[in-house]
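The values are calculated or read from the model by the stated rules, or taken from the named source; none is laboratory data. Since the model is a prediction, treat every value here as computed from it, not as a measurement. As a convention, Cβ positions derive from the backbone with ideal geometry for all residues, glycine included, and neighbour counts pool all protein chains shown.
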Protein chains: 2
Amino acid sequence: VADATARDVGEFGLIDRVVSRLGTARQVLLGPGDDAAVVAAADGRVVATTDVLVEGVHFRRDWSSAQDVGHKAAAANLADVMAMGGTGTALLVALVAPPDLPVDWALGLADGLRDEAAEVGAVVVGGDTARGDRVVVSVTALGDLAGRAPVTRDGACPGDVVVVAGRLGESAAGLALLQSGVLTGRLVDAHRRPRPPYALGPVLAAAGATAMCDVSDGLLADLGHVARASGVSVGLHTDRLRAMLVDGVTLQHALAGGEDHGLVATLPAGTPLPDGVRAVGRVDPGPAGVLLDGQPATGGWEHFR
Amino acid sequence: VADATARDVGEFGLIDRVVSRLGTARQVLLGPGDDAAVVAAADGRVVATTDVLVEGVHFRRDWSSAQDVGHKAAAANLADVMAMGGTGTALLVALVAPPDLPVDWALGLADGLRDEAAEVGAVVVGGDTARGDRVVVSVTALGDLAGRAPVTRDGACPGDVVVVAGRLGESAAGLALLQSGVLTGRLVDAHRRPRPPYALGPVLAAAGATAMCDVSDGLLADLGHVARASGVSVGLHTDRLRAMLVDGVTLQHALAGGEDHGLVATLPAGTPLPDGVRAVGRVDPGPAGVLLDGQPATGGWEHFR
């Protein structure tokens, strides 16, 4: 039935259809269909993170396709694994949906999750579904550190270089366009589907990154987390940032806009910069905070306000 | 402030307060506060499962305290790990909440999650929060198999004994009481806080269980999963079931009511039954399905209908 809804096919019918879209991989020792999945954790540790997307808050069904939402939900989580220096191995997905949700939407979501996970070789191994007024997609990503120590937020040292990788401000610029009625174009697509620089998390970890964080709340807010956790002052050069912006993206988008899921890290001075990584500032002794061209700065996204 | 809401303290204020309630344990290599957590997976594998609770579907804030909801959300997930023969090690929690949610409710939820997790030595290692109309609590549990193979649903063999452990029908009976206006008592409490027989999952796995499943959708529905996955006929003796019911619980509650998060398993005939485990039927060659005193039976909970 082309226009079938969740109600039409029922909970188990929906789950069967979704599971039939998913792939598998060597690290999946037991996939969907039992009480729980079993995933290999070769180095005796597992990275784990959860990010939730709410319809009307993180996405709109008239602005983003189901596939887009799947890509975004997977990317938000896999980027957190990347920011520890790891690589995603598996996703678990809880979908809350109204009974009139088209089955095709749920299948599109599954396709988006599967395809984004495939970017790093991860697969969807389990999930749950329940009834609710609005679509909520809660994803947990598991990941592997390949024997390395996780790169936390609290290791930035005075003298370190501040580097960024991935898109900067493009998601925020795309959101502003959507809000003004522009529904197509490169920046709008950047809002719909972030492109985290997945490979660079492990690369920066191996290069000796002293702190690392994904850019999900905006560059200032996320660097603020690093500055406070490390007890250091993080200075950014706005000319360096401006030089990186693509057409249509303002410095404000880059500083305060989240959801690009790029990487920000600190590296010991003199570390050769991997391809795709650019230096934008340096770390100095406290007080803890972020300076823009030497001036204190704040800003970013937060819920409930 | 005694009556503070999520809006009053903001996203990061809420997270800080919640995190301050949580404990830690040896298996937690990196806890809350970074992009992701890192949890030990000593035997090179990790069990993972997700269950979501939605306000108005799985709980009502006027029927259950925040602590109750925390206990229930943790138990639903930890019971899935138990049903693989494993033991929970860590929880991740996504909380969707309206901005007017009292901070005390979120803290009560955290306390309930923490205390239920502590029953098996697990801890909350991470999470996320976002704004929404209704409270949604999505939990992922990670767990450890201690070197054993996971016990799946598809291994039941003709000749096996069917066994159950844990409460039977008490949550469903308690829900019926709540719906009729009775707000206190043992059964109502059983609905508010399930008590999965956590220790018996690993015990039954070690005893050679050929299939195992937690009782979350009702005994008939969950045994139906085992029967279909294993391609066998599962026969239940209603007199054996009736003999196990506590006052106020009917056979229908036990057969069709979910949410007790007990265990149902199949064991090779002649296996000595561990304490707390009772035989209620036997496995025969197909057709796949569940028989009640020799007659075909169906029933259970499902969303969207």
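Assess whether B:G126 counts as being of a type in the set (G, A, S), crowded, with 24+ Cβ neighbours inside 10 Å and out of contact with any Ser or Thr (no Cβ under 8 Å at 6 or more places or on another chain). Walk me through it before giving the result.
On the way: of a type in the set (G, A, S): yes; crowded, with 24+ Cβ neighbours inside 10 Å: yes; out of contact with any Ser or Thr (no Cβ under 8 Å at 6 or more places or on another chain): no.
The answer is no for B:G126.
Only a single criterion out of (1) in a loop (DSSP other than H, G, I, E, B); (2) under 19 Å from A:P158 (Cβ atoms) is not satisfied by A:P196, namely (2).
Restricting region B:164-177 to residues that are surrounded by fewer than 24 Cβ atoms within 10 Å (Cβ to Cβ) and either hydrophobic (A, V, I, L, M, F, W, C) or part of a strand (DSSP E or B) (or both) leaves a set whose member that is nearest to the other protein chains (Cβ to nearest Cβ) is B:L175. Only one entry in B:D144, B:D111 is more than 8 Å from chain A (Cβ to nearest Cβ), under 30 Å from B:D3 (Cβ atoms) and not β-branched (V, I, T), namely B:D111. For region B:24-40, a residue qualifies if it is outside any strand (DSSP E or B) and in contact (Cβ under 8 Å) with a residue 60 or more places away in the chain, and the qualifying residues are B:T24, B:A25, B:Q27, B:G31, B:A36.
Scanning region A:238-250 for residues that are over 17 Å from A:V161 (Cα atoms) and either of a type in the set (K, R) or surrounded by 16 or more Cβ atoms within 10 Å (Cβ to Cβ) (or both) yields A:R242, A:L245, A:G248, A:V249. Residues that are surrounded by 24 or more Cβ atoms within 10 Å (Cβ to Cβ), within 14 Å of chain B (Cβ to nearest Cβ) and of a type outside the set (V, I, T): does region A:266-278 have at least one? Checked against the condition, which is being surrounded by 24 or more Cβ atoms within 10 Å (Cβ to Cβ), within 14 Å of chain B (Cβ to nearest Cβ) and of a type outside the set (V, I, T), region A:266-278 yields no hits at all.
Taking the criterion of being within 9 Å of another protein chain (Cβ to nearest Cβ) and in a strand (DSSP E or B), the residues of region B:114-141 that qualify are B:V125, B:G126, B:G127, B:D128, B:T129, B:A130, B:R131, B:V136, B:S138, B:V139, B:T140, B:A141. Sort out which residues of region B:1-10 are of a type in the set (D, E) and within 14 Å of another protein chain (Cβ to nearest Cβ), and write them in order of number. Across region B:1-10, the qualifying residue is only B:D8.
The residues of region B:136-151 that are buried (at least 22 other Cβ atoms within 10 Å of the Cβ), farther than 20 Å from A:T49 by Cα and out of contact with any helix residue (DSSP H, G or I) (no Cβ under 7 Å at 6 or more places or on another chain), listed by number, are B:L145, B:P150. Could you check region A:220-260 and list, in sequence order, the residues that are acidic (D, E) and more than 24 Å from B:D16 (Cα to Cα)? Answer for region A:220-260, where residues must be acidic (D, E) and more than 24 Å from B:D16 (Cα to Cα): A:D239, A:D247, A:D260. Looking across region B:83-113, the residues that are charged (D, E, K, R) and assigned to a helix (DSSP H, G or I) come down to B:D104, B:D111.
Suppose we keep only residues that are at pLDDT 95 or above and at the interface with chain B (Cβ under 8 Å from one of its Cβ atoms) within region A:11-33. Which one would you say is surrounded by the fewest Cβ atoms within 10 Å (Cβ to Cβ)? Applying the filter and picking the extreme gives A:L29. What pairs can you find where one residue is in region A:215-236 and under 10 Å from A:L291 (Cα atoms), the other is acidic (D, E) and surrounded by fewer than 22 Cβ atoms within 10 Å (Cβ to Cβ), and their Cβ atoms are less than 7 Å apart, with a gap of 6+ or different chains? Going by the 7 Å Cβ cut-off, the qualifying pairs are A:S233/A:D284; A:G235/A:D284.
Listed residues B:A221, B:A190; which is under 26 Å from A:T140 (Cβ atoms), touching a helix residue (DSSP H, G or I) at 6+ places or on another chain (Cβ under 9 Å) and of a type in the set (A, V, I, L, M)? Give the derivation first.
Working: B:A190 fails: under 26 Å from A:T140 (Cβ atoms).
Every option except B:A221 fails the conditions.
Per-residue answers, yes or no, for (1) more than 17 Å from the chain's Cα centre (by Cα); (2) in contact (Cβ under 8 Å) with a residue 12 or more places away in the chain:
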{"position": "B:T152", "(1), (2)": "no, yes"}
{"position": "B:V161", "(1), (2)": "yes, yes"}
{"position": "B:E170", "(1), (2)": "no, yes"}
{"position": "B:A176", "(1), (2)": "yes, yes"}
{"position": "B:S180", "(1), (2)": "yes, no"}
{"position": "B:R192", "(1), (2)": "no, yes"}
{"position": "B:Y198", "(1), (2)": "no, yes"}
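Note on region A:41-71: among residues that are modelled with pLDDT of 95 or more, at the interface with chain B (Cβ under 7 Å from one of its Cβ atoms) and not in a strand (DSSP E or B), the one that is nearest to A:V182 (Cα to Cα) is A:A41.
For region A:99-107, the count of residues that are in contact with a Gly (Cβ under 9 Å, 6 or more places away or on another chain), over 17 Å from A:D68 (Cα atoms) and facing another protein chain (nearest Cβ under 7 Å) is zero.
Among the residues of region A:72-121, those that are buried (at least 24 other Cβ atoms within 10 Å of the Cβ) and in contact with a Pro (Cβ under 8 Å, 6 or more places away or on another chain) comprise A:K72, A:A75, A:A76, A:L78, A:A79, A:M82, A:M84, A:G85, A:G86. Of the listed requirements (1) more than 22 Å from the chain's Cα centre (by Cα); (2) under 30 Å from A:A130 (Cβ atoms); (3) surrounded by 14 or more Cβ atoms within 10 Å (Cβ to Cβ), B:R282 misses just one: (2). Each residue in region A:35-68 was checked for being more than 30 Å from B:G201 (Cβ to Cβ) and more than 12 Å from the chain's Cα centre (by Cα), and 15 pass.
Exactly one residue out of B:D189, B:D239, B:D154 is under 27 Å from B:L113 (Cβ atoms) and among the acidic types (D, E): that is B:D189.
Taken together, the residues in region B:107-128 that are under 16 Å from B:A94 (Cα atoms), out of contact with any Asp or Glu (no Cβ under 8 Å at 6 or more places or on another chain) and small (G, A, S) amount to 5. Screening A:A205 with (1) surrounded by 22 or more Cβ atoms within 10 Å (Cβ to Cβ); (2) small (G, A, S); (3) within 11 Å of chain B (Cβ to nearest Cβ) gives one miss only, at (3). For B:V81, the conditions (1) more than 30 Å from A:L145 (Cβ to Cβ); (2) at the interface with chain A (Cβ under 8 Å from one of its Cβ atoms); (3) touching a Phe, Trp or Tyr at 6+ places or on another chain (Cβ under 9 Å) all hold with the exception of (1). Scanning region B:1-52 for residues that are hydroxyl-bearing (S, T, Y) and touching a Ser or Thr at 6+ places or on another chain (Cβ under 8 Å) yields B:T49, B:T50.
Listed residues B:S230, B:S180; which is more than 19 Å from B:G70 (Cα to Cα), buried (at least 21 other Cβ atoms within 10 Å of the Cβ) and of a type in the set (S, T, N, Q)? Show your work before the answer.
Values: B:S180 fails: buried (at least 21 other Cβ atoms within 10 Å of the Cβ).
Selected residue: B:S230, the only one of B:S230, B:S180 that is more than 19 Å from B:G70 (Cα to Cα), buried (at least 21 other Cβ atoms within 10 Å of the Cβ) and of a type in the set (S, T, N, Q).
Pick from A:G258, A:G262, A:G235: which is modelled with pLDDT under 95 and crowded, with 17+ Cβ neighbours inside 10 Å?
Working: A:G262 fails: modelled with pLDDT under 95; A:G235 fails: modelled with pLDDT under 95.
After ruling out the rest, the residue left standing is A:G258.
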